[in-house]
1. State all residues of the range 222-247 that are in a loop (DSSP other than H, G, I, E, B) and either aliphatic (A, V, I, L, M) or touching a His at 6+ places or on another chain (Cβ under 9 Å) (or both); if no residue qualifies, say none.
2. Which residue, of THR348, THR335, THR311, is among the β-branched types (Val, Ile, Thr), modelled with pLDDT under 95 and in the same structural domain as ARG191 (by TED's automatic domain parsing)?
3. Go through VAL272, VAL290 for me and flag whichever is in a loop (DSSP other than H, G, I, E, B) and β-branched (Val, Ile, Thr).
4. I'm trying to understand the selection: among the residues of the range 229-263, which are aliphatic (A, V, I, L, M) and more than 20 Å from ILE337 (Cβ to Cβ)?
5. Exactly one condition in (1) of a type outside the set (Phe, Trp, Tyr); (2) more than 21 Å from TYR255 (Cβ to Cβ); (3) surrounded by fewer than 24 Cβ atoms within 10 Å (Cβ to Cβ) is false for GLN202; which is it?
6. For VAL181, are the conditions met, namely being without any contact (Cβ under 8 Å) to a residue 40 or more places away in the chain, farther than 30 Å from ARG234 by Cβ and not in a loop (DSSP other than H, G, I, E, B)?
7. Identify the single condition in (1) assigned to a helix (DSSP H, G or I); (2) loosely packed, with under 15 Cβ neighbours inside 10 Å; (3) polar (S, T, N, Q) that GLN328 does not satisfy, given that it satisfies every other one.
8. Is it the case that VAL240 is buried (at least 19 other Cβ atoms within 10 Å of the Cβ) and farther than 24 Å from GLY120 by Cα?
Amino acid sequence: MGVCYGTPDFPTPSFTGYLRSGRKLTVSSSSSSAASSSHDLVAAGDNQAFGDGEVLADPNLTVFSFAELKEATKNFGRDTVIGEGGFGYVHKGVLRGKEESGRTETIIAVKRLKPDSVQGYTEWRREIDFLGRLSHPNLVKLLGFCQEDENLALVYEYLPMGSLENQLFRKGSTAHLPWDVRLKVAVGAARGLAFLHSFERQIIFRDFKSSNIILDGSYTVKLSDFGLVKSGPREGMSHVSTRVMGTRGYAAPEYIAAGHLYVKSDVYSFGVVLLEILTGSRACDLSRPVGKHLLVEWARPLLSKKKKPRTIMDSRLKGKYYIDSAFQIAQLALTCIRADPNQRPSMTKVVEELESIEAASANRILRNA
C-alpha cells in the first residue's frame, strides 16, 4: 500500500464465503456492531446497479487451502514475486484443475500477508468484505482467500500489464505508454472511483495512487488494494474524522493536516495521478530540488496557461499528443488539486470531462504537439 501513516481503524466485518468443495463457510466479526458498521457501506446498494457495476447480496468467494496456494506459486518462490506492499508480497501463480474437456489452468495473483506486516489482519478482512461484494469492470476481481493459522492470503485475477506506477516509472525501460493509452487509463480509473462514490454512504478509497491502478492485457484499468477504504460521512456531516493513513504526495492536504477525510479527498489524489500521467514524474521524488519534491508543488504553477503544460509533459511521448487535450487534462488536474475540497469536482464530473476529451482525441489525427 506504499508509505502509510498511522494504523488501521476500520471494523472487522462478517461474511459468508464458499469452500472449493462447495460447503459454506462463515467468518464472523469480532463484534456485531463492527459488522453492521461495515455493511452500512453497501446496504443502500444491495442488488442495485450503478452504471456497469453492481453490489452483490453475498460474497461469492473461494476459500483456498494454504497447500493449494503453495503449489500454485512454487512455494511462494522469489521468482514468482510480481509486487510488494505494506501487506506483503504479491506472487504470480497457476491453479491447475480438471474438467471433462481436460486439464485447465488459471493464472492468479496471490497477496500473502507478511508475519510482521504493519497492515495486517484488518486490511485482509476489509478487502474480502468490499471486493467480495462489489462488481465493476474497473475494479479488480477478488477470487478468494486463505486463512490457515497465521497464513493469510488474498487471491485475485491476474493482470499481465501490472500497475500504472510500473508502466510509468520502471527503471531501465525505454518503453512508455502512448497518449491514447494514457487517456484510456485515466478514464477507466475515474470510472472505478466514481462507482465507489456513487453509493448513498459513499465509499472513500483513501489511498488512491498509481500503484493501485492495475492494467489488464488491453490496458483496461482495475482498481486494487481496498485495505484502507472508509465509508463516507453520515447524513449532515461533511467529512469523517479518522487516523491519517495514505501515501506521501497523494494524500489531500486537509486529511494530512487534521485527519478530515472527505469524499473529495479521493478527487485530490486522482488529480495527482493525472499529473503523473501527463508528466511521467512521480508524485513524490526526493531527488527533485527542494520545494519541488511533491509533484503538485512543482507542476501547479505550470498548469494555468496553455503553453506552459508543454514544459512538463513526459519527454518520452516525443511530442506525440494533442496539445488541446493535454491542456484540458492539465486544467482538470488543477481543479482536482484545489486546496478547498468543496471546490473540487465530483468524480462523476471528472468522468464526463475525461470521456469528452478522449472522444475528441479519437476523432483527430495525431500530430506532434
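The values are calculated or read from the model by the stated rules, or taken from the named source; none is laboratory data. The shown structure was predicted, so the numbers you read here are calculated from the model rather than taken from an experiment. Here Cβ is always computed from backbone atoms with ideal geometry, including for glycine, and neighbour counts include all displayed protein chains.
1. Scanning the range 222-247 gives LEU228, VAL229, GLY232, PRO233, MET237, SER238, HIS239, THR242, VAL244, MET245.
2. Only one candidate passes the filter, namely THR311.
3. On the way: VAL272 fails: in a loop (DSSP other than H, G, I, E, B).
Within the list VAL272, VAL290, the selection yields VAL290.
4. Of all residues in the range 229-263, those aliphatic (A, V, I, L, M) come to 229, 237, 240, 244-245, 251-252, 256-258, 261, 263.
Within the range 229-263, VAL229, MET237, VAL240 meet the criteria.
5. (2)
6. Values: without any contact (Cβ under 8 Å) to a residue 40 or more places away in the chain: yes; farther than 30 Å from ARG234 by Cβ: yes; not in a loop (DSSP other than H, G, I, E, B): yes.
Taking the combined requirement at face value, the residue satisfies it.
7. Checking GLN328 against (1) assigned to a helix (DSSP H, G or I); (2) loosely packed, with under 15 Cβ neighbours inside 10 Å; (3) polar (S, T, N, Q), the one that fails is (2).
8. no
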